[in-house]
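Scroll down for the structure; my scribbles are underneath it.
The values are calculated or read from the model by the stated rules, or taken from the named source; none is laboratory data. Keep in mind that what you see is a predicted model, and the values were worked out from it rather than measured. Positions of Cβ are backbone-derived with ideal geometry, glycine not excepted, and every protein chain shown enters the neighbour counts. Note: accessible area is taken over every heavy atom of the protein model, side chains too, but ligands, DNA and RNA are not part of it. Shrake-Rupley method; radii C 1.70, N 1.55, O 1.52, S 1.80 Å.
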Amino acid sequence: MWRTYKHEEKVEAGKVEVNVIFNEDDWNHIIQNVRFVPKGKRKMIFLDSQINEEYSYYILNRDDRDKYMMKRYIEIVGIEVLNNALNAAWEASKPKLINADDYRIESGGTN
């Protein structure tokens, strides 16, 4: 089963949106795709589509393509933004602690 988390962050050059997926089979968070909106523009740029069109991407095998994609993400938006997205996805997927006040029942009825 997959769960998707969307993280948005503003950077100097515009706005970045990172989609992180969580695979429950592997128990791993993975960056699925990165989108970028340059400052002063409305149109979103899908970085994975842009990188897929590069010739240097096509000549690689499958494992190297994943590494190349991540390398380009880091070059374009920065490693800090990607790590923030992974941390946000991790925080969203952590279980919430039980608060006793949430389960306090007022005795208004008869026993």
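A compact table of results
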{"read-out": "Matching residues, region 59-100, being open to solvent by 100 Å² or more (accessible area, probe 1.4 Å) and either basic (Lys, Arg) or more than 21 Å from Ile31 (Cβ to Cβ) (or both)", "value": "Ile59, Arg62, Lys67, Lys71, Pro95, Lys96, Leu97, Ile98"}
{"read-out": "Condition check for Ile76: touching a helix residue (DSSP H, G or I) at 6+ places or on another chain (Cβ under 8 Å) and touching a residue at least 12 places away in the same chain (Cβ under 8 Å)", "value": "yes"}
{"read-out": "Entirely in region 1-96, the helices (runs of 4 or more DSSP H) that have 1 or more residues that are among the aliphatic types (A, V, I, L, M)", "value": "47-52, 62-77, 79-93"}
{"read-out": "Within region 1-58, tally of residues that are over 13 Å from the mean Cα position of the chain (by Cα), more than 13 Å from Arg72 (Cα to Cα) and open to solvent by 90 Å² or more (accessible area, probe 1.4 Å)", "value": "12"}
